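The values are calculated or read from the model by the stated rules, or taken from the named source; none is laboratory data. Owing to the predicted nature of the structure, the values given are computational and were not obtained by experimental measurement. All Cβ positions, glycine included, derive from the backbone under ideal geometry; neighbour counts span all protein chains shown. Note: areas computed on protein heavy atoms with side chains; ligands, DNA, RNA excluded. Shrake-Rupley method; radii C 1.70, N 1.55, O 1.52, S 1.80 Å.
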Amino acid sequence: MIPGPTPIPQSILKAIARQPIKHRSDEFTSIMQEIYTNLKYIFQTKNDVFIFASSGTGAMCGALENILNPKDRILCLVTGKFGERWAEIAKLRGAEVDILSCNFGEVITPKMLQDHLSLHKPYKAITLTHSETSTGVANDLQSLCAIIKKTESLCIVDGISSICAMPCKMDEWGIDILISGSQKGLMLPSGLSFLALSAKAYEIHKKCLFPSFYFNFSLHKEALKKNTTPFTPSINLIFGLLESLRIIKNIGLENLYHKHKKHTFALRDAIRAMGLELFVKDDAHASYATTSIIPPNGIKAQDIIKHLQENYNIIIASGQQELEEKIFRIGTLGYIHNEDLIQTITALEQTLQSLGYKFENKIGTQTLLEKLKMP
Ligand SMILES: *Cc1c(COP(=O)(O)O)cnc(C)c1O
């Protein structure tokens with residue numbers, strides 16, 4: 001129950017567990033053709049979507065390393081650890097980095113962005129994190145993108161934990177570069193990342209003085225035209241990806257979004273019913289990928305996590321960096337079912353009672369069950 005890596009359906013595990021094939025072959029090319037088409041569906045775009053053999057951060061590097069020249073101005077919207085990562089990558093490229101941030105657990109509002117932009121010279125690019133997995137917030141991506149669209153800046157979005165979990169419409173919302181990773185909503189092991197890019201982003205890449213070699217947009221675009229990849233792909237993960245995209249297409253994105261939303265709000269209500277405090281106060285700002293909870297007074301987050309694992313074999317996440325002691329996180333991302341949530345909340349109730357926290361017996365499970373019954 002952590003926000004990635006997430007559980008994997010049996011049919012995907014089976015697809016991965018076969019002999020690798022020659023990657024320059026008709027069989028592999030036809031697999032890639034189907035995959036490239038289906039990736040456009042999950043990214044909600046007509047643009048090319050590249051596949052890299054890397055974790056999600058690789059695609060973040062790819063995004064900035066193909067765009068930025070030394071001294072270019074970039075604005076990074078920071079709502080947590082993953083928003084900070086964009087700024088770290090941009091600094092290593094010698095860019096001039098401005099940061100617009102907020103208290104962790106809150107979001108960057110459209111007004112904050114508007115006000116900031118009205119006071120500063122135009123930026124070459126602006127980076128955003130859709131679902132900030134480290135805190136559990138989701139930024140209002142559509143509204144923020146609408147503001148960026150009126151400027152000349154490229155709009156670059158980390159959708160690593162939002163793709164397949166919450167609506168993220170690349171073309172409709174005007175995103176120029178949208179990235180994701182395999183081990184979150186796509187129900188795959190870690191090791192693949194994805195990058196979709198607009199024609200505008202590709203034009204800007206052509207003027208990049210020192211572009212990345214491994215993540216190079218031009219090399220990947222050429223390979224994609226031939227339904228292949230420029231370097232040896234992660235062949236067995238590609239087998240898994242073929243199956244995962246078929247599953248996602250079959251279920252339908254809207255149904256997947258609905259499931260993630262329902263789980264998130266059922267969980268939030270159950271947590272509140274137990275008298276616990278959520279780290280993200282405003283329901284409107286809740287990510288459907290992960291829910292952050294503040295431990296009751298006098299009980300350590302680490303003790304809750306340890307007790308759940310040792311007694312119930314349920315694995316949840318701690319906070320990251322400065323939030324490590326302050327919150328614990330329950331993922332609702334990917335191949336998670338009602339049963340998983342029910343077990344988790346029941347075990348959490350018993351864990352908290354063992355650790356001395358007092359609340360109305362079974363109120364969390366009861367609330368969860370009621371909410372899960374709703375359509
Ligand atoms: C998981 C995650 C990342 C990092 O991905 P890695 O695969 O660990 O490199 C970046 N951004 C967000 C929002 C994430 O959830």
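Distance between the C-alpha centres of segment 1-46 and segment 247-262: 18 Å, rounded to the whole angstrom.
Please get the size of the charge dipole for segment 109-217, origin at its Cα centre, with Cβ charges of +1 on Lys and Arg and -1 on Asp and Glu, quoted in debye to the nearest 20. Working shown, then result.
Details: 10 positive and 9 negative charges, 53 e Å.
For this selection, approximately 260 debye.
Measuring between alpha carbons in the structure, the pairs from Lys91/Lys200; Lys71/Lys206; Lys150/Lys261; Lys71/Lys149; Lys221/Lys259; Lys71/Lys184 lying more than 27 angstrom apart are Lys150/Lys261; Lys221/Lys259; Lys71/Lys184.
How big, in percent, is the set of alpha carbon pairs in the chain lying more than 38 Å apart? Let's see the in-between values first.
Values: 13652 of 70125 pairs.
Value for the chain: 19 percent of Cα pairs lie more than 38 Å apart.
Between Glu152, Glu84, Glu106, the GNM of the chain built on Cα springs shorter than 10 angstrom shows Glu152 fluctuating the most. In whole angstrom, segment 73-174 maps to an equivalent ellipsoid with semi-axes of 19, 16, 13, each derived as √(5λ) from the alpha carbon gyration tensor and ordered largest first. Looking at the chain, the accessible area is 42 square angstrom per residue; that uses a 1.4 Å probe and ignores ligands, DNA and RNA. In the chain, the DSSP beta bridges split such that about 55 percent are antiparallel, to the nearest 5.
Judged by the mean number of other Cβ atoms found within 10 Å, the most tightly packed of the peptides 303-312, 284-293 leads the ranking 284-293, 303-312.
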